[in-house]
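Colleague: Below is a structure I'd like to ask you about.
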Amino acid sequence: MPEPLFTVENLQVEFRTDDGVVHAVDGVSYTLEKSEVLAVLGESGSGKTVHARAAMRILDTPPAFITGGSVRLGDMELLTLDEEDMREVRGSQVAMLFQDPHTALDPVYTVGEQLIELLKARRRVSKREATEVATALLGRVGIPTPRERLKAYPHQLSGGIAQRVMVAMAVALEPAVLLADEPTSSLDVTVQAQVLELLGSLVAETQMAMVLITHNLAVAVGLADRIAVMYAGRIVELGPAREIYSDPKHPYTAALLRSIPDIQIREERLPAIKGAPPNLLRPPTGCAFHPRCPLADDRCKAEVPPEVEVRPGRWSACFHADEVTR
Amino acid sequence: MTAGDVLLEAVNVVKHFPIKDKVFGSSGVIHAVDDVSLQLHEGEVLGIVGESGCGKSTLSNLFMLLEEPTSGQIKFRGQDISTFSKEETQTYRRQVQMVFQDTFGSLNPRMTITDILTEPFTLHRDFLPKDEWNGRVRELLARVGLDPDHANRYPHQFSGGQRQRICIARALALEPRILVCDEPVSALDVSVQAQIVNLLKDLQTDFGLSYIFVAHDLSVVRQIADRVAVMYLGEVVEIGDEADVLLRPSHPYTQALVSALPTADASGEIVGSRIVLSGDLPSPANPPSGCRFNTRCWLAQSKCFDEKPALIDRGTGRPAACHFVTSEPPTPAHA
């Protein structure tokens, strides 16, 4: 069998803090093929962002250390690549799109300067060619009057336009894999819809694979082929997006689905998940979700449930996967 | 629900912020809130929704006396609050309390929970004799679902959801009539959001409170609001009963806002077509003439550029500021 396009295997990341060691990412594995969109869904502290920053090797070390596992592009191992080669990989093969465009763009350079600099440095093209490509890119991401916008400074852009500029920069070198970290979370809903459409059409057009990191289940279902649900540093459920939505096999996913308010239904009481996400300095024993889980028994308190393929293509890390109902 | 008397009211409220550029000398005004009139009744939850820059937070700040209106009045029980004496203002401040989005920013990290919850009593000296303060702190903590024995801990020792409970307890300390909640759950994880919404609903019923509930998440607003006002670029464009506004929106902007929420049916199929608005929010320093939504509206005609639509009932049973609202909502051009 040929190597998958992008492989994350048993990735381990820990933060060494004054208060102790936090296993922020604790054995994350998945593969990704061309044109595929995998949503990594999780709440704050689930490790969804840290896993992507680890894959890009842009974590702050210390306190963060990659302590195990493998991240491969085809058969190329990224975690052991020397820094110079890794710089070549970033952007041109694996690119990242950040949540907040205004902190990711340099405020003292114009959009054009930043985009043209990127193209000149990495594509080794003349300034004139770079300007042409930059203009075309801004047009491609739906920015009206792209030639004018090249002269704009980031603060002159609205959130939606700034995020489009970020998308243009992320795909400028035609990466094979795009790691999009909450790409629409800082945007207003009407603008969110525009950026999601743009990302979807870019995937269709360029065949790049995308990891969509999000806390928003509706966004995940809307754009992703598959969803990986993360909780306390692990993937607790993985499978086709619509199946995860309609027939969850992990109690956390099911509880999350129930607790999301629906505009169609006004509930007397929202079905909340009791408690709070765990403090990873002192993680619960056994399954990290057991203190909040309605199905938990003694075994869940003692043993960490392994990821099991409950149906072809459907994985769940729960001893009670069969008993889960939506 | 049956609405009680008008408790709090905005009457033609305008808030403009002057822009002064010291270096280049350019100037202008930001039209943050423009001619907004709305009423909060006794025992009611009024949702205010809209995107960033629509003026919803400025409006809350005006209610909280954190800003003064450029023109128009804020009235409490029929009386203009700008005419209040010092004592009346103090009473108003006691009766109208606020819950913020950012729980880290609104809790002093160097104060214990007891310090935080007794601070209101130090500002309102006559409210409670000092020997009753600690008992009241325990009572407040229990009421918002926290362990009263944790009163001597510091904010960082609590999770985001617990910190919001502390903020709510502080807002309740002086037994207010009104809570102004500015995005109270939007910084919280989904699994915790529902707990806080439930808590706010319980408190509202138990104490007969009235809320102004400012939020951008329409699904959350649906769970708690009795009426909803939709704001766009400083103006109210539609206001009415929550189910009418959120399920049968009549203003094109409300329709776009509702349709932008991706919703899936039980099988995970995305349902309803999304109206993708073109363009961005225009600058509030230079709002479009005529209808402010005309730059992004698929129904816009020349009338919309010439004439500002009044916020009146055009046969849909509730006011909407659109020339082309009919009792049959227009079919939007779906993307």
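The values are calculated or read from the model by the stated rules, or taken from the named source; none is laboratory data. Small disclaimer: the values here were computed from a predicted structure and weren't measured. Cβ: placed from backbone, ideal geometry, glycine included. Neighbour counts: every protein chain shown.
Colleague: Determine which single condition B:PRO184 fails, assuming it passes every other condition in (1) surrounded by 20 or more Cβ atoms within 10 Å (Cβ to Cβ); (2) more than 10 Å from chain A (Cβ to nearest Cβ); (3) not in a loop (DSSP other than H, G, I, E, B).
Modeller: Single failed check for B:PRO184: (3).
Colleague: State whether one or more residues within segment A:105-115 are at positive phi and modelled with pLDDT of 85 or more. Spell out how you get there, then give the answer.
Modeller: Our first condition is that a residue be at positive phi; within segment A:105-115, this holds for none.
Checked against the condition, which is being at positive phi and modelled with pLDDT of 85 or more, segment A:105-115 yields no hits at all.
Colleague: Sticking with this one: Checking B:VAL45 against (1) within 30 Å of B:PRO288 (Cβ to Cβ); (2) touching a helix residue (DSSP H, G or I) at 6+ places or on another chain (Cβ under 8 Å), which single condition isn't satisfied?
Modeller: With respect to (1) within 30 Å of B:PRO288 (Cβ to Cβ); (2) touching a helix residue (DSSP H, G or I) at 6+ places or on another chain (Cβ under 8 Å), B:VAL45 is out only on (1).
Colleague: Considering A:VAL203, A:VAL219, A:VAL167, which residue is within 14 Å of chain B (Cβ to nearest Cβ), among the aliphatic types (A, V, I, L, M) and either without any contact (Cβ under 8 Å) to a residue 24 or more places away in the chain or part of a helix (DSSP H, G or I) (or both)? Outline the logic, then answer.
Modeller: On the way: A:VAL203 fails: within 14 Å of chain B (Cβ to nearest Cβ); A:VAL167 fails: within 14 Å of chain B (Cβ to nearest Cβ).
Going through A:VAL203, A:VAL219, A:VAL167 in turn, just one is within 14 Å of chain B (Cβ to nearest Cβ), among the aliphatic types (A, V, I, L, M) and either without any contact (Cβ under 8 Å) to a residue 24 or more places away in the chain or part of a helix (DSSP H, G or I) (or both): A:VAL219.
Per-residue answers, yes or no, for (1) touching a helix residue (DSSP H, G or I) at 6+ places or on another chain (Cβ under 7 Å); (2) in a loop (DSSP other than H, G, I, E, B); (3) within 13 Å of another protein chain (Cβ to nearest Cβ); (4) at pLDDT below 90:
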| position | (1), (2), (3), (4) |
| --- | --- |
| A:ILE235 | no, no, no, no |
| A:TYR245 | yes, no, yes, no |
| A:ILE265 | no, yes, yes, yes |
| A:LEU281 | no, yes, yes, yes |
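Colleague: Another question about this same structure. Just one of the numbered conditions (1) free of Cβ contacts under 8 Å to residues at least 24 places away in the same chain; (2) away from chain B (no Cβ under 14 Å); (3) surrounded by 15 or more Cβ atoms within 10 Å (Cβ to Cβ); (4) within 25 Å of the chain's Cα centre (by Cα) is not true of A:CYS300; which one?
Modeller: In the conditions (1) free of Cβ contacts under 8 Å to residues at least 24 places away in the same chain; (2) away from chain B (no Cβ under 14 Å); (3) surrounded by 15 or more Cβ atoms within 10 Å (Cβ to Cβ); (4) within 25 Å of the chain's Cα centre (by Cα), A:CYS300 misses (4) alone.
Colleague: Among the residues of segment A:302-321, is there at least one that is under 28 Å from A:GLY222 (Cβ atoms), among the β-branched types (Val, Ile, Thr) and assigned to a loop (DSSP other than H, G, I, E, B)?
Modeller: No.
Colleague: Right, something else. When you go through B:PRO319, B:PRO332 one by one, which is the residue that is within 18 Å of B:ARG248 (Cβ to Cβ), modelled with pLDDT under 90 and surrounded by 13 or more Cβ atoms within 10 Å (Cβ to Cβ)? Let's see the steps before the verdict.
Modeller: On the way: B:PRO319 fails: modelled with pLDDT under 90.
Of the residues listed, the single one that is within 18 Å of B:ARG248 (Cβ to Cβ), modelled with pLDDT under 90 and surrounded by 13 or more Cβ atoms within 10 Å (Cβ to Cβ) is B:PRO332.
Colleague: So, one more: Would you check if there is a residue in segment B:190-208 being touching a residue at least 60 places away in the same chain (Cβ under 8 Å), more than 9 Å from chain A (Cβ to nearest Cβ), touching a helix residue (DSSP H, G or I) at 6+ places or on another chain (Cβ under 8 Å) and among the small types (Gly, Ala, Ser)?
Modeller: no
Colleague: Something else about it: So A:ILE143 fits all but one of (1) in a helix (DSSP H, G or I); (2) surrounded by 22 or more Cβ atoms within 10 Å (Cβ to Cβ); what number is the exception?
Modeller: Evaluating A:ILE143 over (1) in a helix (DSSP H, G or I); (2) surrounded by 22 or more Cβ atoms within 10 Å (Cβ to Cβ) leaves (1) as the failure.
Colleague: Please find, within segment B:154-177, the residue that is farthest from the other protein chains (Cβ to nearest Cβ) out of those that are outside any helix (DSSP H, G or I) and of a type outside the set (Lys, Arg).
Modeller: Applying the first criterion (outside any helix (DSSP H, G or I)) to segment B:154-177 yields B:154, B:158-159, B:173-177.
Among the residues that remain, those that are also of a type outside the set (Lys, Arg) are: B:154, B:158-159, B:173-176.
Details: B:TYR154: 14, B:PHE158: 9, B:SER159: 4, B:ALA173: 24, B:LEU174: 27, B:GLU175: 25, B:PRO176: 24 Å.
Among them, the one singled out is B:LEU174.
Colleague: Something else now. Scanning for something surrounded by 24 or more Cβ atoms within 10 Å (Cβ to Cβ) and either modelled with pLDDT of 95 or more or within 11 Å of chain A (Cβ to nearest Cβ) (or both), does segment B:266-280 turn up at least one residue? Break it down stepwise before answering.
Modeller: Filtering segment B:266-280 for residues surrounded by 24 or more Cβ atoms within 10 Å (Cβ to Cβ) gives B:277.
With the extra rule that they be either modelled with pLDDT of 95 or more or within 11 Å of chain A (Cβ to nearest Cβ) (or both), the set shrinks to B:277.
Yes: one or more hits.
Colleague: Please go through segment A:170-200 and pick out each residue that is within 14 Å of another protein chain (Cβ to nearest Cβ) and aliphatic (A, V, I, L, M).
Modeller: Within segment A:170-200, A:LEU187, A:VAL189, A:VAL191, A:ALA193, A:VAL195, A:LEU196, A:LEU198, A:LEU199 meet the criteria.
Colleague: Go through segment A:133-158 and give me each residue that's of a type in the set (Gly, Ala, Ser), within 13 Å of chain B (Cβ to nearest Cβ) and within 28 Å of A:VAL89 (Cα to Cα).
Modeller: Of everything in segment A:133-158, just one residue is of a type in the set (Gly, Ala, Ser), within 13 Å of chain B (Cβ to nearest Cβ) and within 28 Å of A:VAL89 (Cα to Cα), namely A:GLY142.
Colleague: Report yes if B:LEU261 is surrounded by 24 or more Cβ atoms within 10 Å (Cβ to Cβ), farther than 19 Å from B:VAL45 by Cα and at the interface with chain A (Cβ under 7 Å from one of its Cβ atoms), otherwise no.
Modeller: Values: surrounded by 24 or more Cβ atoms within 10 Å (Cβ to Cβ): no; farther than 19 Å from B:VAL45 by Cα: yes; at the interface with chain A (Cβ under 7 Å from one of its Cβ atoms): yes.
Spelling it out, it is not the case that B:LEU261 is surrounded by 24 or more Cβ atoms within 10 Å (Cβ to Cβ), farther than 19 Å from B:VAL45 by Cα and at the interface with chain A (Cβ under 7 Å from one of its Cβ atoms).
Colleague: Same structure again: Would you call B:GLU132 in a helix (DSSP H, G or I), among the acidic types (Asp, Glu) and over 30 Å from A:THR214 (Cα atoms)? It would help to see each step written out before you state the result.
Modeller: Details: in a helix (DSSP H, G or I): yes; among the acidic types (Asp, Glu): yes; over 30 Å from A:THR214 (Cα atoms): yes.
For B:GLU132, the condition - in a helix (DSSP H, G or I), among the acidic types (Asp, Glu) and over 30 Å from A:THR214 (Cα atoms) - is met.
Colleague: Here is a follow-up. For a quick check of your reading: which strands (runs of 3 or more DSSP E) sit entirely within segment B:1-95 and have at least 2 residues that are of a type in the set (S, T, N, Q) and surrounded by 13 or more Cβ atoms within 10 Å (Cβ to Cβ)?
Modeller: Numbers: elements: B:6-20, B:27-41, B:45-49, B:71-76.
Where strands (runs of 3 or more DSSP E) fall fully within segment B:1-95 and carry at least 2 residues being of a type in the set (S, T, N, Q) and surrounded by 13 or more Cβ atoms within 10 Å (Cβ to Cβ), they are B:27-41.
Colleague: Being hydroxyl-bearing (Ser, Thr, Tyr), part of a helix (DSSP H, G or I) and surrounded by 13 or more Cβ atoms within 10 Å (Cβ to Cβ) narrows it down to one of A:THR67, A:THR49, so name that one.
Modeller: When all the criteria are applied, what remains is A:THR49.
Colleague: Which one is surrounded by the most Cβ atoms within 10 Å (Cβ to Cβ) among residues in segment A:303-326 that are over 25 Å from the mean Cα position of the chain (by Cα) and of a type outside the set (A, V, I, L, M, F, W, C)?
Modeller: Selected residue: A:HIS320.
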